[in-house]
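J.: First, the structure itself, so that you have it in front of you.
The numbers here are math on the coordinates, done by the rules we state, and not lab data. No experiment lies behind these values; they were computed from the predicted model shown. Cβ atoms come from the backbone with ideal geometry, glycine included; neighbour counts cover every protein chain shown.
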Amino acid sequence: MSDSPSGSPELTRRPEWTALEDHRTDTLPQPDLRELFAADPGRAERYVVRVGDLRIDYSKHLVTDETLALLQELAAATDVFGLRDAMFRGERINVTEDRAVLHTALRAPRDAVIEVDGENVVPGVHAVLDKMAGFADRVRSGEWTGHTGKRIRNVVNIGIGGSDLGPAMAYEALRPFTARDLTFRFVSNVDGSDLHEAVRDLDPAETLFIVASKTFTTIETITNATSARSWLLQGLGGDEKAVAKHFVALSTNSEKVAGFGIDVDNMFEFWDWVGGRYSYDSAIGLSLMIAIGPDRFREMLDGFRIVDEHFRNAPAEANAPLLMGLLGIWYGNFLDAQSHAVLPYSHYLSKFTAYLQQLDMESNGKSVDREGRPVQWQTGPVVWGTPGTNGQHAYYQLIHQGTKLIPADLIGFARPVAELGDELKAQHDLLMANLFAQGQALAFGKTAEEVRAEGVPEEQVPHRTFRGNHPTTTILATELTPSVLGQLVALYEHKVFVQGAVWNIDSFDQWGVELGKVLAKRVEPALTEGADVPGLDPSTAALVAAYRTLREV
Ligand code: F6P
């Protein structure tokens, strides 16, 4: 509830906030990375934090020891660790939905005790993991057959948002660990072409559909699942009994699953304390578990847990998610950065940034605080990016020489995947040379003097000068294993948490996506039947009319 029309003043009035503003003013136009390194070469080793297999280098940031200390003071003043502990304890920190936020329980060890409303949720988590493992093993071994007795060879996950992006990203990331004799597809878009392309070359008798939906009410998913069922039944002679062998559900809503016609024995459960965008290590990861096998899936959960424990126990100055979150706050709130690029130097991480977009932007795309008052500070950044080398030949120009400050994460691995042949393995050094070269060029640029020294004509000098001073974090690991993927995802989950805690927003609801969903349902009859939609604004009414006319042409 808003008690002040001008919004929530607390954060920006805190002395720790104004101290950072003063520090920013003192160091303007901006701390210069060349000068920072000249004055303190030791920062290359000092500004590194290690967690699990990750080596996180934040030396190329526009910060000094003083900046970091002031940011830590802000974190302490906003009680980030207090909220963290409340999350791990299972308190209802998702205030607008009155829910606990316990994705960390999904990777808790069997003997852990984590209570929600007095009930230990850990045995339930492991019971579902065991059920998933049994099912995954049966599909992988060929013991689970389709309606006609044929072996399942194709797995199609139907879901959207958190019920798609996580498993699709992780499947791609861990491809070298997947059962190569099975085909995996991920259908999310309500555009019928998505399903069409996913199934057009598949044999229904060999195809398993996994319908992934926390609520089991999401229109895109239910529409696609209904069409998939028709496709299956058409292909298998219309026997409704086939559905039981070819459809399983991942959901919190057993009633809706049964209503759809999926046997609840074939449902893998999760719980309302798992947010959609935090859910791929729950039952939502079933397609991934079938792909990589239960043991690899558990290795991934172990990776998540390494970072959970680190976030929970590491001191503030060596706490990786805290540091990454605070650096984002420095740029977004004090240096006016609007976006954050995540640039993996790994083809297998090609969907990683798209996954992070939901994680970060659905979590922290908020403009009221936890009490409902408009915030008077910037919240979540626009998160974007694609694999680095491809980006270098597309949008890196803007990062290097454009007018915007764009902090970026560069992610790379020391080893290529084992299954590459020698010639392809040899390309890995070139890939990583690009990562290191970009980090260097972004940070240190090229001065006009350096350009002149190369004999460049004077009129070209400004065009060929690179200001540099573009901050990057470099995250390195030995190789992209299931555990390392879990570590990376948990690192970003907790980074997002830290930022939401400082901004005093609810990072766990997503009311902003509801309006579009409601309006789509209301507008649809105008398209299908030409029905009058009360309250349709004139611009949208004209678009609907044009659509109907164009459709008839
Ligand atoms: O986009 C909104 C959202 O609610 C996401 O948070 C969620 O991941 C997605 O829709 C899918 O929801 P469900 O799993 O309930 O189908």
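J.: Please state, rounded to one decimal and in Å, the Kirkwood hydrodynamic radius that segment 322-363 gives when every pair of distinct Cα atoms enters the mean of 1/r.
T.: Values: mean 1/r = 0.0864 Å⁻¹.
In segment 322-363 this quantity evaluates to 11.6 Å.
J.: Work out the P(r) tail for segment 361-411: percent of alpha carbon pairs separated by more than 17 Å, whole number. The partial results should precede the final answer.
T.: Details: 666 of 1275 pairs.
I get 52 percent for the Cα pairs in segment 361-411 exceeding 17 Å.
J.: Which log10 I(q)/I(0) values does segment 397-488 give at q = 0.12, 0.22, 0.25 Å⁻¹ under the Debye formula, counting every alpha carbon as one identical point scatterer?
T.: Log10 I(q)/I(0), no solvent term: -0.53, -1.06, -1.19.
J.: Follow-up. To the nearest 10 degrees, how steep is helix 538-552 against the longest Cα principal axis of the chain, on a 0 to 90 scale?
T.: That helix lies at roughly 50 degrees to the long axis.
J.: With N denoting the number of residues in segment 450-553, provide Rg(C-alpha) divided by 2.2 N^0.38 Å, to two decimal places.
T.: For segment 450-553, the normalised Cα radius of gyration comes out at 2.07.
J.: When the Debye formula is applied to the Cα atoms of segment 202-279, each taken as the same point scatterer, what base-10 log of I(q)/I(0) results at q = 0.18 Å⁻¹?
T.: Per q value, in the given order, log10 I(q)/I(0) is -0.69.
J.: Could you please tell me the mean projected area of the C-alpha convex hull for segment 304-385, averaged over all directions and given in square nanometres to one decimal? The partial results should precede the final answer.
T.: Working: hull surface 27.3 nm².
The number I arrive at for segment 304-385 is 6.8 nm².
J.: How big is the Rg/Rh ratio for segment 203-334, C-alpha atoms only, Rh by Kirkwood, two decimals? Write down the numbers at each step before the final one.
T.: On the way: Rg = 19.7 Å, Rh = 17.4 Å.
So for segment 203-334, dividing Rg by the Kirkwood Rh gives 1.13.
J.: Which value, in Å to one decimal place, does the Kirkwood hydrodynamic radius take for the chain when every pair of different Cα atoms is included?
T.: Details: mean 1/r = 0.0393 Å⁻¹.
The Cα-based Kirkwood calculation yields 25.4 Å.
J.: Would you compute, from DSSP H runs of 4+ residues alone, the mean residue ellipticity of the chain at 222 nm, taking -39500 (n - 2.57) per run and dividing by the full residue count, rounded to the nearest 500?
T.: Working: 24 runs with 255 residues, N = 553.
Counting only the DSSP helices, I get -14000 deg cm²/dmol.
J.: Give me 150, 214, 404 sorted ascending by neighbouring Cβ count inside 10 Å, so fewest comes first.
T.: Details: 150 15, 214 25, 404 11.
Least crowded to most crowded, the residues run 404, 150, 214.
J.: Another question, if that's okay. Which distance in Å, rounded to a whole number, links the C-alpha centroids of segment 47-113 and segment 419-476?
T.: Distance between centres, Cα-based: 33 Å.
J.: So who's got an amide H within less than 5 Å of the one on residue 209, skipping anything under 5 residues away but keeping other chains? H placed 1.01 Å off N, in plane.
T.: For residue 209, whose amide H was placed from the backbone, the distant partners under 5 Å are 156, 247, 248.
J.: Given C-alpha coordinates of segment 97-200, what is the ratio Rg to Rh with the Kirkwood estimate of Rh? Write down the numbers at each step before the final one.
T.: Working: Rg = 17.1 Å, Rh = 16.5 Å.
With Rg and the Kirkwood Rh in hand, the quotient comes to 1.04.
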